[in-house]
Amino acid sequence: MFAFGAFLHSAGFDLYQSFLSTFFTFALPGQFVMAETILAGGTLLNIFLAVLLTNSRLYPMTVNITPVIRNSNIPKWKEYLGAHFIAVTSWFNFFAVEKSINQEDKFDYFFGLGGFLWANSVLCTVAGYLFSNLVSHEILIGLVFINPMYFLVMTVSNLKEKKLICSIFLGAVLSILLNDLFPGWSVLIAGITSGTLGYFIFRKEINE
Amino acid sequence: MSNQFIYLSILVASVGTYFCRAFGVFSARNIKTDSEIFHWIRCVSIAIISAVIARIILFPVGILSETSTSIRIVCTLILLVVYFSFKKNVIFAVSSSAICFVLLNHFL
């Protein structure tokens, strides 16, 4: 998020725009897509569709985490508010410890974890914007590279069940193979196909 | 690009992003954690994340596209080797990879 703030500064956005982007979106790949589409002269419809497609991964992630943290004492509005904190980082970190948390505490735990990560992201975006002149372009690129590397490590840490291993491996390979054929859709097609294959091939596997 | 257009773009991007989350909460209302569909969704979620990562590493857009593919691949391998060699230490693995990435981009 620091790199994103610095990137927005160098691209001519103002501080409030940087702050609001992370405050209301909190999904880095989509935020980069938004900024780059603006810079490329895209229309509002272009931006909406590009961001929707980029962040569509949040849909299955939300469908996956919601039944796990559900609690009859939690009002609906709070569930919808908590959904704003669903991101790759909070999703992975929650599932890393989920089994050790009491069912009635899971929503509050996720709300606290996600809220903390969200607040940090907002602060880091602002810090990146304010201190971007202290960071060279090469360092900035290095900071941007941290994001996929962190996602990759967290993904690899899930290599426990065969169906997940298969889904992860096929997802990566298929998205590369499909990139030239369906540039805008390769991630979604690869993800749905690979996840479905991984699930059905290892359906008999005992779910942990 | 006018300031007004940027603010509208942020609004549109926020609506697009939150729609994915809110529709996810809505769709999950009848899904139980021991159901087949729950496990299928988990596989799809992680496969999509894996696909996103592969695409960012091999076909990045934005400032990462200024770097060479071979350097990105080498640093990804460094990440995995360090991660598995040092007791799955996430911070050490990610920082080693990022530092190597900056150094390789600077010297090569």
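What follows draws every value from the coordinates through simple rules; no lab data is involved. The structure displayed is predicted, hence computed values, not measured ones. Reconstructed Cβ throughout: ideal geometry from the backbone, glycine too, with neighbour counts over all protein chains shown.
One decimal place: the segment A:Asn102-A:Tyr80 gains 5.8 nm when fully extended, by the rule 0.36 nm per residue minus the C-alpha distance. Taking chain B as the reference, fit the longest principal axis to its C-alpha atoms, fit the long axis of helix B:69-85 to the helix C-alpha atoms, and give the angle between the two in degrees, 0 to 90, nearest 10. Rounded to the nearest ten degrees, it is 80. Legend: residue pairs A:Lys99/B:Lys88; A:Lys106/A:Lys160; A:Lys204/B:Lys88; A:Lys78/A:Lys163, Cα-Cα distance threshold 27 Å; pairs beyond threshold, A:Lys204/B:Lys88; A:Lys78/A:Lys163.
Expressed in units of 2.2 N^0.38 Å, where N is the residue count, the Cα radius of gyration of chain A is 1.10. Relative to the dominant Cα principal axis of chain A, helix A:28-39 is inclined by about 40°. Residues in the stretch A:183-189 carry Karplus couplings, in order, of x, x, 10, 4, 5, 5, 4 Hz; the curve used is 6.51 cos²θ - 1.76 cosθ + 1.60 with θ = phi - 60°, and Gly or Pro positions show x. With a simple spin-label model that places each label point 7 Å from the Cα along the Cα-to-Cβ direction, the separation between A:Asp180 and A:His137 comes to 3.0 nm. Taken along the Cα-to-beta-carbon direction at a fixed 7 Å, the label points for A:Leu130 and B:Ser2 span 3.1 nm. Counting only other chain Cβ atoms within 10 Å of each residue's Cβ, the peptide A:160-169 averages 4. At an R0 of 41 angstrom, the distance between the Cβ atoms of A:Ala11 and B:Phe86 translates into a FRET efficiency of 0.65. Amide H contacts under 5 Å for A:Ser157: none, restricted to partners 5 or more places along the chain or on a different chain, H placed in the peptide plane at 1.01 Å from N. Each residue, A:Phe169 and B:Glu36, gets one label point 7 Å from its Cα in the Cβ direction; the gap between the two is 2.5 nm. Shape of the stretch A:145-208 from its Cα gyration tensor (a ≥ b ≥ c, root eigenvalues): rounded if a/c is under 1.5, otherwise prolate when a/b > b/c, or oblate? Cα axes put the stretch A:145-208 in the oblate bin.
Distance between the C-alpha centres of the stretch B:1-71 and the stretch A:110-135: 19 Å, rounded to the whole angstrom. With a Förster radius of 51 Å applied to the C-beta separation of A:Tyr109 and B:Phe59, the computed FRET efficiency comes to 0.90.
Karplus-derived 3J(HN,Hα) values for the stretch A:65-78, using 6.51 cos²θ - 1.76 cosθ + 1.60 with θ = phi - 60°, are 7, 4, x, 6, 8, 4, 8, 5, 7, 8, x, 4, 4, 6 Hz; glycine and proline are entered as x.
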